[in-house]
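Chemist: Got a structure for you, written out below as structure tokens; questions coming shortly.
The values are calculated or read from the model by the stated rules, or taken from the named source; none is laboratory data. Just so it is clear, the model here is predicted, and its values are computed rather than measured. Methodologically, a virtual Cβ is constructed for each residue, glycine included, from the backbone with ideal geometry; neighbour enumeration extends over all protein chains shown. With ligands, DNA and RNA removed, areas are computed over all heavy atoms of the protein, side chains included. Shrake-Rupley method; radii C 1.70, N 1.55, O 1.52, S 1.80 Å.
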Amino acid sequence: MNIKLNGDHRSIGDGASVTTLVTELTGRGLDASGQATDGRKIGVAVARNAEVVPRSQWAATALAEGDELEIVTAVQGG
Amino acid sequence: MTTTSIQTQNDPLVIDGVGFGSRLIMGTGGAPSLDGLGAALIASGTELTTVAMRRYSPAETGSLFQLLLDNGIRVLPNTAGCFTAKDAVLTAELAREALETNWVKLEVIADEHTLLPDAVELVDATEQLVNRGFKVFAYTNDDPVLALRLENLGATAVMPLGAPIGTGLGILNPHNIELIVSRASVPVVLDAGIGTASDAALAMELGCDAVLLATAVTRAQNPVQMGEAFKHAVVAGRLAKQAGRIPRREHALASSAMEGRAEFL
């Protein structure tokens, strides 16, 4: 299916969840609670169609055709 | 005992029940590299540092969040770049999820030219964020009325600007900063406009609880040395404020006694 990620078109397998997408993007494994399996903080947040998806819901949140995802992290500033 | 340890041991900055030995809050904007930034942060002695929230890019090398975690520096996400309360609230929600903190430095900017806070949107966003359980560090104009409003809405700290962001003009209205401090019962953090160490010392002498700055260090010719300068400036200003300065006088006042002088023919 096709989604939009951070403003760009992206193709992702049918049945993908938010967890699938975060893992694809960051290369980090995630457990069911949304924490990285390498034991370090993952430090990203996800908004789906302008609503924040709590990390505890990443695994249970299936993506749908046309979804708009924003994945953000901490950068230098202020 | 050094001055730094005096401050650390007896005079912590307490915000929302959390104590900090350093009264210098650093920003991370403007640094050309993550390595250089890390060295400047360590030299400054900061224990609380702001970050912005932006789109994740796999190409990015190194993680700022990890750098702060590794150095035991607490992270304070900001809402830089937000022009409306709506954007600021969503950004704060993302920051809370990403960084697992309910502290947020709330910036709602009116326009890109001045980067001054938009008071109306700021008040609206403060109210919404407090209701959602955030601890709001409100970046505000140097307006004593607005600062008190923000406190009454539940802001955890008020952060009046010394001068517009990035200008390095220092504290343009010391009288207003003093007035804000005199009426506040939450911590007052002088934020923005700091150019050099004496500006930070002045902020502390005016009674501010802490100073927040970024580009004064990150864009200095020697950021590590400037970071260290600010560490001492904030301590010096705090000590001077507590020591109680002499009153200003119209005319000279000799410090040497007149009696007992030798007489010359």
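Chemist: Hey, rough spin-label estimate for A:Ser11 and B:Arg55, points 7 angstrom out along Cα→Cβ, what's it come to in nanometres?
Modeler: 2.0
Chemist: For chain B, take the longest principal axis of its alpha carbons; what is the angle in degrees between that and the long axis of helix B:223-243, to the nearest 10 within 0 to 90?
Modeler: Tilt relative to chain B: about 60 degrees.
Chemist: Still on this structure, I have one more. Would you kindly state the longest site-free stretch of chain B, with sites defined as trypsin sites (Lys or Arg not before Pro) in a DSSP loop (not H, G, I, E, B) surrounded by at most 10 other Cβ atoms within 10 Å? Mind showing how you got there, number by number?
Modeler: Values: sites that count: B:Arg245, B:Arg248, B:Arg249, B:Arg261.
No qualifying site falls inside B:1-244, the longest such stretch.
Chemist: Mind listing the long-range amide H neighbours of B:Thr28? Cut-off is under 5 Å, sequence gap 5 or more, other chains count too, H placed in the peptide plane at 1.01 Å from N.
Modeler: A:Gly77, A:Gly78, B:Thr50
Chemist: So for the pair B:Glu127, B:Thr84, with labels modelled 7 Å out along Cα→Cβ, what separation do we get in nm?
Modeler: 1.7
Chemist: A plus B alone minus the pair: what accessible area, both sides summed, probe 1.4 Å, in Å² to 100?
Modeler: 2400
Chemist: Among B:Leu253, B:Leu172, B:Leu212, determine the one that fluctuates most according to a GNM of chain B built with springs between C-alpha atoms less than 10 Å apart.
Modeler: B:Leu253
Chemist: Full-extension gain between B:Ile42 and B:Gln225, please, as 0.36 nm times their residue separation minus the C-alpha to C-alpha distance.
Modeler: Full extension of this stretch gives 64.8 nm more.
Chemist: Let me ask something else. Count the lysine pairs in chain B whose Cα atoms lie under 19 Å apart, taking only pairs 8 or more positions apart in sequence or on different chains.
Modeler: Numbers: B:Lys86/B:Lys105; B:Lys86/B:Lys135; B:Lys105/B:Lys135; B:Lys231/B:Lys241.
Number of lysine pairs found: 4.
Chemist: Give me the one-decimal nm value for the distance between modelled label points at B:Phe264 and B:Asn10, 7 Å along each residue's Cα-to-Cβ direction.
Modeler: 4.4
Chemist: A further question on this structure: Based on DSSP, what percent of beta bridges with both residues in chain B are antiparallel, to the nearest 5?
Modeler: So the antiparallel bridges amount to about 15 percent of the total.
Chemist: I'd like the GluC sites (Glu not before Pro) in chain A restricted to DSSP loop residues with at most 14 other Cβ atoms within 10 Å, sorted by number.
Modeler: The qualifying sites are A:Glu65.
Chemist: Most mobile of B:Ser33, B:Ser185, B:Ser57 per a Gaussian network model of chain B (Cα springs, under 10 Å)?
Modeler: Of B:Ser33, B:Ser185, B:Ser57, the most mobile in the Gaussian network model is B:Ser57.
Chemist: In peptide B:66-78, how many Cβ atoms from other protein chains are near each Cβ within 10 Å, on average?
Modeler: 2
Chemist: List the residues, sorted by chain then number, that are 5 or more residues from A:Val53 or on another chain and whose placed amide H is less than 5 Å from its amide H.
Modeler: When sequence neighbours closer than 5 places are left aside, the close amide H contacts are A:Val46, A:Ala47, A:Arg48.
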